[in-house]
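These notes concern the structure reproduced below.
The values are calculated or read from the model by the stated rules, or taken from the named source; none is laboratory data. Note that this is a predicted model, so its numbers are computed, not measured. Using ideal geometry, Cβ is built from the backbone for each residue, glycine included, and neighbour counts are taken over all protein chains shown.
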Amino acid sequence: MMTRVVGFPDEADALRVQQDLAAGGYDAADCTLHRAREVIAAAERNLRNHDGFLARLGGSDVESLT
């Protein structure tokens, strides 16, 4: 199964598309909504808990978002 991620500048648009996908037959578990603050918090946790090269490489990106 392929995962797709779509970003929306407006939460109302994201919710509308999520509802449209559900109405179109997609399973609700396949159409989850992740708000920016949740994604940022998860990224920060991952960067704190993983000190490998790739985690350090993306660290400055997360810091610029907070």
Discussion item. Quick check on my filter: what residues within region 23-35 are among the aliphatic types (A, V, I, L, M) and free of Cβ contacts under 8 Å to residues at least 12 places away in the same chain?
Written reply: Ala23, Ala28, Ala29
Practice prompt. Please give the helices (runs of 4 or more DSSP H) falling wholly within the chain in which 3 or more residues are loosely packed, with under 10 Cβ neighbours inside 10 Å and modelled with pLDDT under 90.
Written response: 53-65
